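Participant: One structure, as C-alpha coordinates, below. Some questions next.
The values are calculated or read from the model by the stated rules, or taken from the named source; none is laboratory data. Predicted model, so just to flag it, every value in this text is computed and none were measured. Using ideal geometry, Cβ is built from the backbone for each residue, glycine included, and neighbour counts are taken over all protein chains shown. Just the protein is used for accessible areas: all its heavy atoms, side chains included, with ligands, DNA and RNA removed. Shrake-Rupley method; radii C 1.70, N 1.55, O 1.52, S 1.80 Å.
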Amino acid sequence: MLSQRMQNLNPYVPGEQPKDREYIKINANENPYPPSPKVVKAIEEFVHNNPNKLTVYPDPDSLQLHKDIADMLNATGGVLCRANIEGDKVTPDPKDKIPFTVTPDMIYTGNGSDEVLSFVFYAFFDSDRPLITPEHSYSFYPVYCGFYGIPRMPVSMNDDWTLKTSDMCELAVKNNSSIIFANPNAPTSLGLTRQEIKQMLDASPKDRVFVVDEAYCDFGGESAIPLLKDYKNLLIVRTFSKSFCGAGLRSGFIVANPELVNAVTTVKNSLNHFPMDAITQVASCAAVKDAAYYAECAKKVVATRTDFIEFLKNKGWQVNDSQTNFVFIRKDGVDGKKAYEYIKQQGILVRRFDTKGIEEYLRITIGTDEQMAKLKSIMENL
(Lines give C-alpha, C1' and ligand atoms only; values in the text may rest on other atoms or scores of the structure.)
Protein backbone atom coordinates (compact mmCIF):
# COMPACT_ATOMS: atom_id res chain seq x y z
CA MET A 1 0.00 0.00 0.00
CA LEU A 2 2.93 2.37 0.59
CA SER A 3 4.63 4.27 -2.20
CA GLN A 4 8.28 3.60 -2.97
CA ARG A 5 9.02 7.18 -1.88
CA MET A 6 7.49 6.49 1.51
CA GLN A 7 9.42 3.27 2.00
CA ASN A 8 12.71 5.05 1.29
CA LEU A 9 12.25 7.82 3.87
CA ASN A 10 14.63 8.16 6.81
CA PRO A 11 12.92 10.69 9.08
CA TYR A 12 14.62 13.23 11.31
CA VAL A 13 15.08 12.22 14.95
CA PRO A 14 14.71 15.23 17.29
CA GLY A 15 16.12 15.58 20.76
CA GLU A 16 14.31 13.44 23.31
CA GLN A 17 10.97 14.89 24.43
CA PRO A 18 10.35 13.39 27.91
CA LYS A 19 6.91 12.27 29.01
CA ASP A 20 7.62 10.01 31.96
CA ARG A 21 9.15 12.55 34.38
CA GLU A 22 10.39 16.11 34.74
CA TYR A 23 13.92 16.74 33.47
CA ILE A 24 16.19 19.70 33.08
CA LYS A 25 16.01 19.71 29.29
CA ILE A 26 19.23 20.91 27.66
CA ASN A 27 19.25 18.53 24.69
CA ALA A 28 17.46 20.42 21.92
CA ASN A 29 19.25 23.79 21.70
CA GLU A 30 16.20 25.60 23.01
CA ASN A 31 16.65 28.92 24.78
CA PRO A 32 16.40 28.66 28.60
CA TYR A 33 14.82 32.10 28.94
CA PRO A 34 11.16 33.03 28.45
CA PRO A 35 10.05 35.24 25.58
CA SER A 36 9.87 38.99 26.04
CA PRO A 37 6.95 40.17 28.20
CA LYS A 38 5.99 42.28 25.19
CA VAL A 39 5.47 39.09 23.18
CA VAL A 40 3.19 37.62 25.84
CA LYS A 41 1.26 40.89 26.03
CA ALA A 42 0.90 41.07 22.24
CA ILE A 43 -0.54 37.55 22.11
CA GLU A 44 -2.96 38.21 24.98
CA GLU A 45 -4.18 41.49 23.50
CA PHE A 46 -4.56 40.02 20.02
CA VAL A 47 -6.66 37.09 21.21
CA HIS A 48 -8.72 39.22 23.63
CA ASN A 49 -9.31 42.20 21.36
CA ASN A 50 -9.48 40.50 17.98
CA PRO A 51 -11.08 37.05 18.41
CA ASN A 52 -12.80 37.49 15.06
CA LYS A 53 -9.38 37.46 13.37
CA LEU A 54 -9.05 33.80 14.34
CA THR A 55 -12.05 33.05 12.12
CA VAL A 56 -10.46 34.45 8.96
CA TYR A 57 -7.27 33.60 7.11
CA PRO A 58 -4.10 35.45 8.15
CA ASP A 59 -1.98 37.58 5.85
CA PRO A 60 -0.56 34.95 3.47
CA ASP A 61 2.59 36.99 2.87
CA SER A 62 3.28 38.14 6.46
CA LEU A 63 4.10 41.60 5.14
CA GLN A 64 4.27 43.36 8.52
CA LEU A 65 6.57 40.66 9.86
CA HIS A 66 8.88 41.01 6.84
CA LYS A 67 9.20 44.73 7.52
CA ASP A 68 9.85 44.20 11.22
CA ILE A 69 12.49 41.51 10.60
CA ALA A 70 14.27 43.77 8.11
CA ASP A 71 14.24 46.61 10.67
CA MET A 72 15.65 44.29 13.36
CA LEU A 73 18.50 43.08 11.14
CA ASN A 74 19.43 46.64 10.23
CA ALA A 75 19.43 47.60 13.92
CA THR A 76 21.43 44.61 15.23
CA GLY A 77 23.63 43.65 12.29
CA GLY A 78 22.33 40.11 12.65
CA VAL A 79 24.34 39.15 15.77
CA LEU A 80 22.43 39.78 18.98
CA CYS A 81 25.14 38.85 21.47
CA ARG A 82 27.41 41.66 20.20
CA ALA A 83 24.72 44.30 19.73
CA ASN A 84 25.01 47.43 21.86
CA ILE A 85 22.02 47.93 24.16
CA GLU A 86 20.88 51.45 25.06
CA GLY A 87 17.64 51.25 27.01
CA ASP A 88 15.16 49.55 24.69
CA LYS A 89 17.23 50.35 21.60
CA VAL A 90 20.05 48.40 19.97
CA THR A 91 22.83 49.27 17.58
CA PRO A 92 25.15 46.85 15.78
CA ASP A 93 28.71 46.16 16.80
CA PRO A 94 30.96 47.77 14.16
CA LYS A 95 32.09 44.36 12.84
CA ASP A 96 28.44 43.39 12.25
CA LYS A 97 27.11 46.56 10.65
CA ILE A 98 25.40 45.77 7.34
CA PRO A 99 26.70 48.05 4.55
CA PHE A 100 23.27 48.42 2.92
CA THR A 101 19.64 48.50 4.05
CA VAL A 102 17.89 45.15 4.32
CA THR A 103 14.44 45.64 2.78
CA PRO A 104 11.20 43.68 3.33
CA ASP A 105 11.34 42.15 -0.15
CA MET A 106 14.54 40.39 0.92
CA ILE A 107 12.66 38.45 3.63
CA TYR A 108 10.57 35.28 3.43
CA THR A 109 8.94 33.76 6.52
CA GLY A 110 7.57 30.30 7.25
CA ASN A 111 6.72 27.76 9.94
CA GLY A 112 10.13 27.47 11.53
CA SER A 113 13.40 27.19 9.64
CA ASP A 114 12.70 23.50 8.97
CA GLU A 115 9.77 24.33 6.68
CA VAL A 116 11.77 27.18 5.17
CA LEU A 117 14.64 24.78 4.46
CA SER A 118 12.23 22.30 2.90
CA PHE A 119 11.06 24.93 0.43
CA VAL A 120 14.66 25.93 -0.28
CA PHE A 121 15.54 22.31 -1.11
CA TYR A 122 12.56 22.08 -3.46
CA ALA A 123 13.20 25.42 -5.14
CA PHE A 124 16.94 25.23 -5.79
CA PHE A 125 18.40 21.71 -5.55
CA ASP A 126 18.01 19.17 -8.37
CA SER A 127 17.99 15.39 -8.61
CA ASP A 128 20.53 15.41 -11.47
CA ARG A 129 23.47 16.72 -9.41
CA PRO A 130 24.67 16.21 -5.84
CA LEU A 131 24.21 18.71 -3.05
CA ILE A 132 27.49 19.45 -1.26
CA THR A 133 27.31 19.38 2.55
CA PRO A 134 29.76 18.80 5.41
CA GLU A 135 29.86 15.23 6.68
CA HIS A 136 28.48 16.43 10.01
CA SER A 137 26.01 19.30 9.98
CA TYR A 138 22.30 19.77 10.63
CA SER A 139 20.86 16.27 10.40
CA PHE A 140 17.75 17.44 8.55
CA TYR A 141 19.80 18.07 5.38
CA PRO A 142 20.11 14.36 4.47
CA VAL A 143 16.44 13.87 5.42
CA TYR A 144 15.32 16.47 2.90
CA CYS A 145 17.69 15.05 0.30
CA GLY A 146 15.94 11.72 0.69
CA PHE A 147 12.48 13.31 0.70
CA TYR A 148 13.06 15.18 -2.57
CA GLY A 149 15.30 12.63 -4.27
CA ILE A 150 18.37 14.90 -4.21
CA PRO A 151 21.75 13.12 -4.18
CA ARG A 152 23.99 14.29 -1.35
CA MET A 153 27.77 14.45 -1.40
CA PRO A 154 29.07 14.80 2.18
CA VAL A 155 32.60 16.14 2.63
CA SER A 156 34.73 14.88 5.52
CA MET A 157 35.85 17.37 8.14
CA ASN A 158 39.23 18.36 9.50
CA ASP A 159 40.43 16.74 12.73
CA ASP A 160 39.60 19.95 14.62
CA TRP A 161 36.00 19.84 13.29
CA THR A 162 36.46 22.78 10.92
CA LEU A 163 35.04 22.52 7.41
CA LYS A 164 37.15 21.51 4.43
CA THR A 165 35.98 24.54 2.50
CA SER A 166 38.33 24.09 -0.46
CA ASP A 167 37.21 20.50 -0.96
CA MET A 168 33.57 21.54 -0.80
CA CYS A 169 34.06 24.25 -3.41
CA GLU A 170 36.05 21.99 -5.72
CA LEU A 171 33.27 19.42 -5.68
CA ALA A 172 30.67 22.12 -6.24
CA VAL A 173 32.53 23.35 -9.33
CA LYS A 174 33.14 19.84 -10.64
CA ASN A 175 29.43 18.97 -10.39
CA ASN A 176 28.00 22.48 -10.88
CA SER A 177 26.34 21.96 -7.51
CA SER A 178 24.91 23.96 -4.66
CA ILE A 179 26.43 24.03 -1.17
CA ILE A 180 24.61 24.13 2.17
CA PHE A 181 25.99 24.21 5.70
CA ALA A 182 25.18 25.66 9.10
CA ASN A 183 27.33 28.57 10.27
CA PRO A 184 28.15 28.26 13.09
CA ASN A 185 27.89 24.55 12.42
CA ALA A 186 25.88 21.96 14.32
CA PRO A 187 26.73 19.85 16.18
CA THR A 188 30.37 20.97 16.15
CA SER A 189 29.64 24.57 17.36
CA LEU A 190 32.36 26.19 15.20
CA GLY A 191 31.85 28.91 12.62
CA LEU A 192 33.50 30.35 9.53
CA THR A 193 34.33 34.02 9.33
CA ARG A 194 32.57 36.22 6.80
CA GLN A 195 35.82 36.41 4.83
CA GLU A 196 35.99 32.61 4.66
CA ILE A 197 32.43 32.47 3.37
CA LYS A 198 33.27 35.12 0.78
CA GLN A 199 36.20 33.00 -0.38
CA MET A 200 33.86 30.03 -0.74
CA LEU A 201 31.39 32.09 -2.75
CA ASP A 202 34.20 33.24 -5.05
CA ALA A 203 35.31 29.63 -5.57
CA SER A 204 31.82 28.15 -6.11
CA PRO A 205 29.44 28.13 -9.12
CA LYS A 206 27.78 31.51 -9.51
CA ASP A 207 24.68 29.99 -11.11
CA ARG A 208 23.89 27.70 -8.17
CA VAL A 209 22.33 28.82 -4.90
CA PHE A 210 24.73 28.88 -1.95
CA VAL A 211 22.91 28.39 1.38
CA VAL A 212 24.19 29.43 4.80
CA ASP A 213 22.04 28.28 7.72
CA GLU A 214 22.52 30.86 10.50
CA ALA A 215 20.33 29.31 13.20
CA TYR A 216 23.02 29.95 15.83
CA CYS A 217 24.69 33.10 14.52
CA ASP A 218 23.28 35.37 17.24
CA PHE A 219 25.46 33.63 19.85
CA GLY A 220 28.79 34.70 18.40
CA GLY A 221 29.11 33.91 14.71
CA GLU A 222 29.69 36.29 11.82
CA SER A 223 26.63 36.75 9.67
CA ALA A 224 26.92 36.51 5.90
CA ILE A 225 24.16 39.10 5.42
CA PRO A 226 26.65 41.87 4.43
CA LEU A 227 27.71 39.66 1.49
CA LEU A 228 24.24 39.77 -0.07
CA LYS A 229 25.12 43.05 -1.75
CA ASP A 230 27.64 41.36 -4.04
CA TYR A 231 26.46 37.74 -4.23
CA LYS A 232 23.02 37.30 -5.76
CA ASN A 233 23.16 33.50 -5.33
CA LEU A 234 23.62 33.66 -1.55
CA LEU A 235 20.64 32.64 0.59
CA ILE A 236 20.62 32.83 4.41
CA VAL A 237 18.23 30.88 6.64
CA ARG A 238 17.39 31.98 10.19
CA THR A 239 15.07 30.94 13.00
CA PHE A 240 13.20 32.29 16.02
CA SER A 241 13.73 28.99 17.89
CA LYS A 242 17.15 29.79 19.38
CA SER A 243 18.06 33.41 20.05
CA PHE A 244 14.44 34.64 20.00
CA CYS A 245 13.32 32.16 22.70
CA GLY A 246 10.59 30.90 20.38
CA ALA A 247 10.96 27.20 19.56
CA GLY A 248 7.25 26.82 20.30
CA LEU A 249 6.30 29.62 17.91
CA ARG A 250 7.45 27.79 14.77
CA SER A 251 8.78 30.85 13.01
CA GLY A 252 11.72 31.03 10.63
CA PHE A 253 12.87 33.21 7.76
CA ILE A 254 15.12 33.70 4.76
CA VAL A 255 17.29 36.69 3.94
CA ALA A 256 18.23 36.80 0.25
CA ASN A 257 17.90 38.87 -2.89
CA PRO A 258 14.25 39.32 -3.98
CA GLU A 259 14.54 36.92 -6.92
CA LEU A 260 15.37 34.02 -4.60
CA VAL A 261 12.70 35.08 -2.12
CA ASN A 262 10.13 35.10 -4.93
CA ALA A 263 11.14 31.58 -5.96
CA VAL A 264 10.61 30.23 -2.43
CA THR A 265 7.31 32.11 -2.24
CA THR A 266 6.18 30.33 -5.41
CA VAL A 267 6.95 26.98 -3.78
CA LYS A 268 5.02 28.03 -0.67
CA ASN A 269 2.00 29.11 -2.71
CA SER A 270 2.03 25.77 -4.49
CA LEU A 271 1.70 23.90 -1.20
CA ASN A 272 0.07 26.12 1.45
CA HIS A 273 -0.94 29.70 0.72
CA PHE A 274 -1.35 30.48 4.45
CA PRO A 275 1.65 28.95 6.23
CA MET A 276 2.02 31.28 9.24
CA ASP A 277 -0.97 31.56 11.54
CA ALA A 278 -2.14 34.94 12.81
CA ILE A 279 -0.92 34.46 16.40
CA THR A 280 2.57 33.45 15.29
CA GLN A 281 2.80 36.52 13.08
CA VAL A 282 1.76 38.80 15.95
CA ALA A 283 4.18 37.14 18.38
CA SER A 284 7.07 37.22 15.90
CA CYS A 285 6.52 40.91 15.17
CA ALA A 286 6.55 41.70 18.88
CA ALA A 287 9.74 39.67 19.34
CA VAL A 288 11.84 41.41 16.71
CA LYS A 289 10.57 44.80 17.88
CA ASP A 290 12.06 44.04 21.31
CA ALA A 291 15.54 43.13 20.07
CA ALA A 292 17.10 44.67 23.20
CA TYR A 293 15.49 41.99 25.38
CA TYR A 294 16.73 39.18 23.19
CA ALA A 295 20.20 40.69 22.86
CA GLU A 296 20.40 40.61 26.67
CA CYS A 297 19.31 36.95 26.67
CA ALA A 298 21.97 36.10 24.08
CA LYS A 299 24.63 37.85 26.15
CA LYS A 300 23.59 35.81 29.22
CA VAL A 301 23.84 32.56 27.25
CA VAL A 302 27.32 33.52 26.02
CA ALA A 303 28.49 34.36 29.56
CA THR A 304 27.19 31.05 30.92
CA ARG A 305 28.76 29.21 27.98
CA THR A 306 32.15 30.79 28.67
CA ASP A 307 32.00 29.72 32.32
CA PHE A 308 30.92 26.18 31.42
CA ILE A 309 33.67 25.76 28.82
CA GLU A 310 36.26 26.81 31.42
CA PHE A 311 34.83 24.22 33.83
CA LEU A 312 34.97 21.50 31.15
CA LYS A 313 38.56 22.25 30.21
CA ASN A 314 39.60 22.19 33.86
CA LYS A 315 38.03 18.74 34.18
CA GLY A 316 39.89 17.34 31.17
CA TRP A 317 37.09 17.46 28.61
CA GLN A 318 37.84 18.17 24.95
CA VAL A 319 35.58 21.06 24.00
CA ASN A 320 35.43 23.38 21.02
CA ASP A 321 35.34 27.13 21.61
CA SER A 322 31.67 27.35 20.77
CA GLN A 323 30.03 30.18 18.82
CA THR A 324 26.58 28.68 19.46
CA ASN A 325 24.22 28.11 22.39
CA PHE A 326 25.65 24.61 22.94
CA VAL A 327 28.95 22.81 23.43
CA PHE A 328 30.26 19.69 21.68
CA ILE A 329 32.41 17.62 24.03
CA ARG A 330 34.12 14.32 24.71
CA LYS A 331 36.58 12.97 27.25
CA ASP A 332 39.18 10.23 26.94
CA GLY A 333 38.09 7.20 28.92
CA VAL A 334 34.44 8.29 29.08
CA ASP A 335 31.94 6.29 27.03
CA GLY A 336 29.56 8.74 25.35
CA LYS A 337 26.47 6.56 25.65
CA LYS A 338 27.10 5.71 29.29
CA ALA A 339 27.77 9.36 30.10
CA TYR A 340 24.48 10.34 28.46
CA GLU A 341 22.61 7.66 30.41
CA TYR A 342 24.24 8.60 33.71
CA ILE A 343 23.38 12.29 33.29
CA LYS A 344 19.81 11.35 32.38
CA GLN A 345 19.49 9.22 35.52
CA GLN A 346 20.35 12.33 37.51
CA GLY A 347 17.46 14.25 35.93
CA ILE A 348 19.14 16.11 33.04
CA LEU A 349 18.73 15.45 29.33
CA VAL A 350 21.66 16.15 26.99
CA ARG A 351 22.05 15.06 23.35
CA ARG A 352 24.06 12.17 22.00
CA PHE A 353 24.18 10.95 18.39
CA ASP A 354 24.60 7.39 17.15
CA THR A 355 26.20 8.77 13.98
CA LYS A 356 29.56 7.15 13.23
CA GLY A 357 32.43 9.47 14.09
CA ILE A 358 30.62 11.49 16.76
CA GLU A 359 29.10 8.72 18.88
CA GLU A 360 31.45 9.45 21.79
CA TYR A 361 30.49 13.13 21.89
CA LEU A 362 27.81 14.88 23.89
CA ARG A 363 26.08 18.02 22.68
CA ILE A 364 24.94 20.09 25.63
CA THR A 365 22.68 23.12 25.29
CA ILE A 366 23.56 26.07 27.51
CA GLY A 367 20.86 26.52 30.14
CA THR A 368 20.54 29.00 32.97
CA ASP A 369 23.37 29.38 35.49
CA GLU A 370 21.35 27.31 37.96
CA GLN A 371 20.80 24.48 35.46
CA MET A 372 24.46 24.41 34.47
CA ALA A 373 25.54 24.39 38.12
CA LYS A 374 23.53 21.22 38.67
CA LEU A 375 25.07 19.66 35.55
CA LYS A 376 28.56 20.56 36.76
CA SER A 377 27.96 18.74 40.04
CA ILE A 378 26.87 15.64 38.11
CA MET A 379 29.84 15.79 35.71
CA GLU A 380 32.26 15.96 38.64
CA ASN A 381 31.62 12.21 38.96
CA LEU A 382 32.14 11.32 35.29
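Participant: Using a cut-off of under 14 Å, list every residue of the stretch 99-132 whose amide N is near the label point 7 Å from the Cα of TYR12 along the Cα-to-beta-carbon line.
Facilitator: Answer for the stretch 99-132: 110-122.
Participant: Pulled fully out, how much extra length does the chain show between GLU44 and GLN199, if you take 0.36 nm times their separation in residues and subtract their Cα-Cα distance?
Facilitator: So the extension gain works out to 51.1 nm.
Participant: In addition: Taking a probe of 1.4 Å, how large is the accessible area per residue of the chain, in Å²?
Facilitator: Working: 17000 Å² over 382 residues.
Result: 45 Å² per residue.
Participant: Let me ask something else. So what is Rg over Rh here for the stretch 244-288, counting just Cα atoms and using Kirkwood for Rh?
Facilitator: Details: Rg = 11.9 Å, Rh = 11.9 Å.
Answer for the stretch 244-288: 1.01.
Participant: Dividing the Cα convex hull volume of the stretch 55-164 by residue count, how many Å³ per residue is that?
Facilitator: 179 Å³
Participant: How far is it, in nm, from the label point at ILE85 to the one at LYS67 when both lie 7 Å from their Cα along the line to the Cβ?
Facilitator: 2.7 nm
Participant: Rg(Cα) of the stretch 311-382 divided by 2.2 N^0.38 Å? Present the calculation step by step, with values, prior to reporting the outcome.
Facilitator: Numbers: Rg = 11.4 Å, N = 72, 2.2 N^0.38 = 11.2 Å.
Relative to the rule-of-thumb radius for its length, the stretch 311-382 sits at 1.02.
Participant: Figure the gain on full extension for ILE378 and ARG5 (residue separation times 0.36 nm, minus the Cα-Cα span) and round it to one decimal in nm.
Facilitator: Working: separation 373, 0.36 × 373 = 134.28 nm, distance 4.46 nm.
Separation in residues times 0.36 nm, less the Cα-Cα distance, equals 129.8 nm.
Participant: Under a 10 Å cutoff between Cα atoms, tell me which one of TYR340, TYR361, TYR108 has the largest fluctuation in the Gaussian network model of the chain.
Facilitator: TYR340
Participant: Using every alpha carbon pair in the stretch 237-347, what percent of pairs falls into each 10 Å bin from 0 up to the bin containing the largest distance?
Facilitator: Spelled out per bin, shortest first, that is 11, 27, 27, 21, 13, 1.
Participant: How many nm is it between the label spots at ALA247 and SER270, if each spot is 7 Å from the Cα in line with the beta carbon?
Facilitator: That separation, rounded to one decimal, is 3.3 nm.
Participant: Can I ask one more? Roughly speaking, to the nearest percent, how much of the chain's 1.4 Å accessible area is carbon and sulfur? Display every interim value, and only then the final one.
Facilitator: Details: 8630 of 17000 Å².
Ligands and nucleic acids excluded, carbon and sulfur reach 51 percent.
Participant: Another one. Please give the length that would be gained between ASP307 and GLU135 if that part of the chain were fully extended, namely 0.36 nm times their separation in residues minus their C-alpha to C-alpha distance (nm, one decimal).
Facilitator: Values: separation 172, 0.36 × 172 = 61.92 nm, distance 2.95 nm.
Extending this stretch completely gives an extra 59.0 nm.
Participant: State, as an integer percentage, the relative contact order of the chain based on alpha-carbon contacts under 8 Å between residues 6 or more apart. It would help to have the intermediate numbers written out before the result.
Facilitator: Details: 731 pairs, mean separation 92.2, N = 382.
Relative contact order, the chain: 24 percent.
Participant: Here is a further query. Filter the chain for me: DSSP H helices, axial length by Cα at least 30 angstrom, mean Kyte-Doolittle hydropathy not below -1.0. List them by residue number. Write down the numbers at each step before the final one.
Facilitator: On the way: long enough: 291-314 (35 Å, -0.02).
Membrane-span-like by this rule: 291-314.
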